[in-house]
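A.B. asks: Provided herewith is a single structure, encoded as C-alpha cells, for subsequent inquiry.
No lab work stands behind these numbers, since they all come straight from the coordinates. Values in this document were obtained by computation on a predicted structure and should not be read as measured data. Heads up, the Cβs are rebuilt from the backbone with ideal geometry, glycines too, and the neighbour counts pull from every protein chain shown.
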Amino acid sequence: MAKTLAFCLIVTIVAWTTSPDFALGQGLLSAASSESRADDPDPPKPQKKKKHHHYDDDCDDDDSFGDVLAEAAFAAILGSMFPKRTTTTVYTTESGPTVSREIIALPGYFSDYPYQHEFGYMLMGDEWYGIGKTSSIRASVEHGNDFQDLTRIGTKLLVEGTSKWGLDMQWDEYFENLSTGGTDQLSMGDINLMYRFGQGYHNQLRFGLGANYLHDRHGSEYGLNFTGGYDAYLGKPWIWSTEFDLGKVGSADLFRFRTTLGLQWKRAEVFAGYQYTNLEGIELDGFLSGLRIWF
C-alpha cells in the first residue's frame with residue numbers, strides 16, 4: 001500500500017511539473033512572455049469553411065445600394081471632421097462680374113481643457129488665434145482588473161500641436177496572482193509618432209507608427225506598432241475615447257483595443273472603460289477606471 005501511494009505521488013508530481021501550465025508559470029503573463037520569444041511560428045490553424053449563398057439579381061442590386069449608402073455615410077462622417085473655410089472673390093471683367101471661390105482648411109487650436117468654451121475641445125479658424133493654444137498635453141493614470149487574478153496599472157501621455165503632429169505613449173504594468181502562490185509581473189508599453197488626420201470642434205481622428213516594448217524577468221522584446229485613436233466630445237461633460245494598436249512584440253502578434261467614457265470637470269476627467277490585449281492568442285483584458293489631466 002505504501003509503495004502504491006508513493007508511486008502515485010511520484011506520477012502526480014512528474015505530470016504536474018511537466019504540464020504546460022507549470023512550464024509557463026501557470027499564468028497568463030508567463031504564457032504571453034513565452035509567445036513573444038517563440039522561435040518557431042505556430043502551426044497553421046484550420047480555417048472555417050465559408051458559407052456560400054446564392055442571391056438573385058435583385059439581392060445583388062440591394063447589396064450594391066447598401067454599399068453605396070455605407071460609403072456615403074462614412075464620407076459624411078469624415079467630411080464633418082475636416083472643417084473648411086470658403087473664401088469668395090468677385091472679379092469684374094468686360095463680360096461682367098466673375099465669382100471665384102477657394103476652399104481652405106481651417107487651422108486648429110486647443111482650449112485649455114474640454115468644454116472651456118461650452119463646446120468640444122479644438123478651436124477651428126483664424127478667429128481663435130491668440131485665444132486658443134498651439135499645443136495640447138494630456139496625461140492619465142488608470143487601474144484595470146479582470147476580477148480574477150489579473151490587475152493592471154497603466155499610464156498614458158499624448159502631446160500634439162497645431163501642426164497636427166504629436167507623440168503618444170502608453171505603459172502598462174501587469175500583476176497576476178498565481179495558483180501556485182506568488183505573483184508574476186509583466187511590463188508592456190509603446191511609443192508612437194502621431195498625425196491628426198481629422199479635426200473639428202467635436203471630434204479628432206489620429207493615426208501613427210511606433211514601437212512596442214515588453215519586459216519581464218527573462219529580458220526585453222521589441223516590435224513595430226501601428227495605432228489609431230478617436231476622441232468624440234458628445235456634449236458637456238461627456239468624452240468618448242477609443243484607440244487600437246496593431247503590431248508585433250518579439251515574435252508575437254499584438255492587438256490592443258480600448259474604449260472609455262469620461263466625465264469632464266475643468267482640467268480633470270474621470271473615466272471608465274474596457275481594454276483588451278491579445279498577444280499571439282493570450283488575452284489580457286479587463287475593465288478600467290482612471291483620471292486624466294489636461295494641460
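A.B. asks: Mind ranking 279-288, 106-115, 219-228 by how tightly packed they are, going by the mean number of other C-beta atoms within 10 angstrom, highest first?
C.D. replies: 106-115, 279-288, 219-228
A.B. asks: Could you pull out the trypsin sites (Lys or Arg not before Pro) across region 187-225 that fall in loop regions by DSSP (anything but H, G, I, E, B) with no more than 12 other Cβ atoms inside 10 Å?
C.D. replies: Numbers: sites: Arg196, Arg206, Arg217; in loops: Arg217.
Within region 187-225, the qualifying trypsin sites (Lys or Arg not before Pro) (loop, at most 12 other Cβ atoms within 10 Å) are Arg217.
A.B. asks: Putting +1 on Lys and Arg Cβ atoms and -1 on Asp and Glu Cβ atoms, find which of Asn177, Leu209, Thr260 reaches farthest to the positive end of the dipole of region 176-266.
C.D. replies: Most positive-ward Cα: Thr260.
A.B. asks: Under the Karplus relation 6.51 cos²θ - 1.76 cosθ + 1.60, θ = phi - 60°, what is the ordered set of whole-Hz ³J(HN,Hα) values for region 280-293, x standing for Gly and Pro?
C.D. replies: Each residue of region 280-293 in turn: 6, x, 8, 9, 10, 10, x, 6, 9, 8, x, 10, 10, 10 Hz.
A.B. asks: What does the charge count around Phe271 come to, taking other residues whose C-beta lies under 12 Å from its C-beta (Lys +1, Arg +1, Asp -1, Glu -1)?
C.D. replies: Residues near Phe271 contribute +1 overall.
A.B. asks: Can you list the residues, at least 5 places off or on another chain, whose amide H is less than 5 Å from the amide H of Phe197, using H built in the peptide plane?
C.D. replies: Sorted by chain and number, the residues that satisfy this are Leu205, Arg206, Phe207.
A.B. asks: Take every Cα pair under 8 Å in region 155-295 that's 6+ residues apart, average their separations, divide by the length, and report that relative contact order as a whole percent.
C.D. replies: Once normalised by length, the contact order is 13 percent.
A.B. asks: May I ask you to derive the FRET efficiency for Arg37 and Lys164 from their Cβ-Cβ distance with R0 = 30 Å, giving the value to the nearest 0.05?
C.D. replies: The calculated FRET efficiency here is 0.20.
A.B. asks: Next question. Take region 203-245, drop everything but the C-alpha atoms, weight them equally and run the Debye formula without solvent; then report log10 I(q)/I(0) at 0.15, 0.17, 0.24, 0.33 Å⁻¹ to two decimals.
C.D. replies: Normalising to I(0) and taking log10 leaves -0.54, -0.61, -0.81, -1.06.
A.B. asks: Where does the charge balance sit around Asn212 when Lys and Arg score +1, Asp and Glu -1, over other residues with C-beta under 12 Å from its C-beta?
C.D. replies: -3
A.B. asks: If you don't mind, there's one more thing I want to ask. Sum up the charges of everything whose Cβ sits under 10 Å from the Cβ of Ile239, counting Lys and Arg as +1 and Asp and Glu as -1, but leave Ile239 out.
C.D. replies: Overall, the nearby charge balance is 0.
A.B. asks: Separate question: Provide, in order from the shortest bin, the percent of all Cα-Cα pairs of region 224-295 in each 10 Å bin, continuing until the bin that contains the maximum pair distance.
C.D. replies: 19, 42, 27, 11, 1
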